[in-house]
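Enquirer: One structure is given below, represented as structure tokens, and several questions about it will come after.
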Amino acid sequence: RRVVFTCSLPTRGKRASADDTLLGVEEFYVQSWTLEEYTKASENSDLFNAIKDRLDASEDSNMQPSKGNLLESKFYFAGGSSRYMFHHPTAKVVDELKTSVATVEDVLKYLQNSIGDQSSHVVNRLFGCRVDSQGEKMVSIVSQFAASLIAMKQGPGFLENLAKVWDNERNPSMQGYLFEMWFFASLSKGGI
């Protein structure tokens, strides 16, 4: 018999390798979702009908938005977090991400994998993970919305430091956020 625990955490916390071996514990790594994966999954009408009331981020309430518009609008806020995309309404996602950004002191350390705080407001909410072509895990900010909140809090100096350490070739999902982050950081800290 086997017991399987499924959770959406970028890290399992402090591991006890000897206990894992003794108990036969193995990790199964699931990457953060992409917009293409959400789109493919929503082709299943049963799944789409079960989640469509949580795809509530579309701005146009006068018209019936397309499935693609619903997914893209929610993806801006939820990003790679399937929990945010499928389980929570947009207002709750926004609240949780705002709390996460207010809680974290130095986002750069998380993105560099130099710390992994156990705070349920930070690691479990604010970041996503992907595996690169060499099989290495990469931490990234979960969504464009979260990236803009971080930029407004941290300011343009943070983005200069981020650009120095960021390996854009290994982490293309984060590369797309950089300009937008700079824009919002500049607006919130004195203008462009």
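The values are calculated or read from the model by the stated rules, or taken from the named source; none is laboratory data. Quick caveat: nothing in here was measured; it's all calculated off a predicted structure. Cβ sites come from the backbone with ideal geometry, for glycine too, and all protein chains shown count toward neighbours. The protein model used for the area step is the full one, side chains on, heavy atoms only, and it has no ligands, DNA or RNA in it. Shrake-Rupley method; radii C 1.70, N 1.55, O 1.52, S 1.80 Å.
Enquirer: Check every one of the helices (runs of 4 or more DSSP H) wholly within the range 77-192 and list those with 1 or more residues that are at pLDDT 75 or above, buried (at least 19 other Cβ atoms within 10 Å of the Cβ) and within 12 Å of the chain's Cα centre (by Cα).
Expert: The helices (runs of 4 or more DSSP H) meeting that bar are 90-103, 123-126, 144-154.
Enquirer: Further, regarding this structure: Could you say whether any residue in the range 46-68 is charged (D, E, K, R), modelled with pLDDT of 90 or more, part of a helix (DSSP H, G or I) and in contact with a Leu (Cβ under 8 Å, 6 or more places away or on another chain)?
Expert: Scanning the range 46-68, I find at least one residue that is charged (D, E, K, R), modelled with pLDDT of 90 or more, part of a helix (DSSP H, G or I) and in contact with a Leu (Cβ under 8 Å, 6 or more places away or on another chain), so the answer is yes.
Enquirer: Further question on the same structure: Which residue out of 27, 59, 36 is out of contact with any Gly (no Cβ under 8 Å at 6 or more places or on another chain) and over 30 Å from residue 135 (Cβ atoms)?
Expert: 59
Enquirer: Only residues that are among the acidic types (Asp, Glu) and open to solvent by 70 Å² or more (accessible area, probe 1.4 Å): list them for the range 57-76, please.
Expert: 59, 72
Enquirer: Sticking with this structure for a sec: I'd like the full set of residues that are among the small types (Gly, Ala, Ser) and modelled with pLDDT of 85 or more, limited to the range 19-42.
Expert: Matches in the range 19-42: 32, 41, 42.
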